[in-house]
1. Any idea how many residues of the stretch A:27-59 are outside any helix (DSSP H, G or I) and modelled with pLDDT under 90?
2. Are any residues in the stretch A:54-68 surrounded by fewer than 17 Cβ atoms within 10 Å (Cβ to Cβ) and within 19 Å of the chain's Cα centre (by Cα), and if so, which ones?
3. Let me spell it out: the conditions are (1) in contact (Cβ under 8 Å) with a residue 60 or more places away in the chain; (2) more than 11 Å from chain A (Cβ to nearest Cβ); (3) within 26 Å of residue A:86 (Cβ to Cβ), and residue B:52 meets all of them except one. Which number is the exception?
4. Hey, any hits in the stretch B:73-91 for a residue that's more than 13 Å from chain A (Cβ to nearest Cβ), crowded, with 16+ Cβ neighbours inside 10 Å and not in a loop (DSSP other than H, G, I, E, B)?
5. On the given criteria, is residue A:16 surrounded by 13 or more Cβ atoms within 10 Å (Cβ to Cβ), out of contact with any helix residue (DSSP H, G or I) (no Cβ under 9 Å at 6 or more places or on another chain) and over 13 Å from residue A:162 (Cα atoms)?
6. Of the residues in the stretch B:8-47, how many are within 14 Å of another protein chain (Cβ to nearest Cβ), surrounded by fewer than 18 Cβ atoms within 10 Å (Cβ to Cβ) and in contact (Cβ under 8 Å) with a residue 60 or more places away in the chain?
7. Which of the residues that make up the stretch B:55-64 are more than 10 Å from every other protein chain (Cβ to nearest Cβ) and touching a residue at least 24 places away in the same chain (Cβ under 8 Å)?
8. Just to be sure, is residue B:68 over 13 Å from the mean Cα position of the chain (by Cα), away from chain A (no Cβ under 12 Å), in a helix (DSSP H, G or I) and in contact (Cβ under 8 Å) with a residue 24 or more places away in the chain?
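The values are calculated or read from the model by the stated rules, or taken from the named source; none is laboratory data. What you are looking at is a predicted structure, and each value in this text was computed from that prediction instead of being measured. Every residue, glycine as well, gets a Cβ built from its backbone with ideal geometry; the counts of neighbours run over all protein chains shown.
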């Protein structure tokens, strides 16, 4: 974590606490980095893309995914149980009438297992403070212009759940197989800051 | 203990500004919203952060109109809130 904020005062404090814990033998040297790497290992937006493509081609899977995402992603071999406790996953589906976008205003909660480490902008104060207040303007900054008739719902990950957006399937993709469809899905599409 | 709320219930969030960690964001204090889903049972983050024992209790997805949070905006915000943060408003469920 501190690798991206080496100069921040909090990074110095973290290093100091880490050193104290190591001196007392409560932590092995490098243990925290190993734990972080293990938590992030295997997480990739490709997982979210594969789940999305399956939902596009299989209406039954789509229904199960929206009703109980933790169980449904197990059908594809994915799990939200990589951390200290299994995280609850909620998948929200975009439609012609409603567009969803995900944020964590209090910190940076994110479905790492399905999307990999979060992008820097997702953790930025600018995104976190603005998107709950003026999502349409923020989406415009991302190049997404939604019809005025499309309702926007912002999901703030304020407790234990993690969220993933199920994007709309693009037009004229009837001829594509599941693998090709997965290739169309972007990380931003799974957060809701892009359409696919 | 039975869950205090169910989807469709109108609720108001607590207005207090606690002197400790909490997961009720400042922008959503004292706001009216509607329970739209349940999100399991979890120990209260406010208590865990202070090293206190905390029994799991119901957590809900609560939908707020932007205008009720910020005085403007035509979107909605869904927050995930422990039942401790919520009070019933006594209003009828909106059609």
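1. The number of residues fulfilling the criteria is 8.
2. Scanning the stretch A:54-68 gives A:66, A:67, A:68.
3. Condition (1) is where residue B:52 drops out.
4. no
5. no
6. Result for the stretch B:8-47: 1.
7. Scanning the stretch B:55-64 gives B:57, B:58.
8. Yes, satisfied.
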